[in-house]
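What follows is calculated from the coordinates using simple rules that are stated; it is not laboratory data. Treat the numbers as computed from the prediction; the structure is a model and nothing was measured. Cβ: placed from backbone, ideal geometry, glycine included. Neighbour counts: every protein chain shown.
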Amino acid sequence: MRGFWPRLLVFGVLTATTAWIGGRFTARGLGPWYDGLAKPSWNPPGALIAAVWTVLFSLIAVSSAILWSRGRPVAYTLALGVNLALNVFWSYLFFARRSPSAALGELVLLELTCVALVLLAWPVSRAAAVLLLPYVAWVAFAGFLNGSIVKMNP
């Protein structure tokens, strides 16, 4: 895997920037508004959510570095850009706009791009594709959680 480490640095910075921007939007909604929402009993604590996202963004960076070390996967790269933008936009809609219902609609698109990343990675590197599966699963879980919050807060 020639050139893996420089690519990992690039994708690490990209995913860390995505997390940072999303975190700024998330911070806008934390506190009285978010605390006042009815949430299901299985809603994970904030510290766990932050830890999971740290692992997921790391896996995205490693997967992307593997793929780029094996060529320049243009379709994957475009899908990744859309995916990371949607990731940030979800945080904006849910927390900054305080609109869980709008965020839920957007989350459907986010999940579709997560699946697209796996499908685009598979022919290039099965290992890279498998590294993205926890992201697909977590976004699906986030969809159920988001949907439950919408249902519980009409």
Degrees, to the nearest 10: 74-91 long Cα axis against longest axis of the chain: 20 degrees
Dipole-positive endmost among 103, 91, 12 within region 6-154 (Cβ charges, Cα centre): 12
Whole-number D in µm²/s for region 4-152 (Stokes-Einstein; Kirkwood sum over Cα pairs; 25 °C, 0.890 mPa s): 156 µm²/s
In degrees, nearest ten, helix 100-121 long axis to first principal axis of the chain (Cα): 20 degrees
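Could you tell me how many cubic angstrom of Cα convex hull volume region 89-154 has per residue?
Once divided by residue count, the hull of region 89-154 is 66 Å³.
Report the per residue volume, in Å³, of the convex hull enclosing the C-alpha atoms of region 1-92. Don't skip to the answer; put the middle values down first.
Working: hull volume 9.1 nm³, N = 92.
Value for region 1-92: 99 Å³ per residue.
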Pairwise Cα inverse-distance average, inverted: Kirkwood Rh of region 66-124 (Å): 12.2 Å
C-alpha long axis of helix 4-29 to longest principal axis of the chain, angle in °: 10 degrees
Gap separating the Cα centres of region 1-79 and region 93-111, nearest whole Å: 17 Å
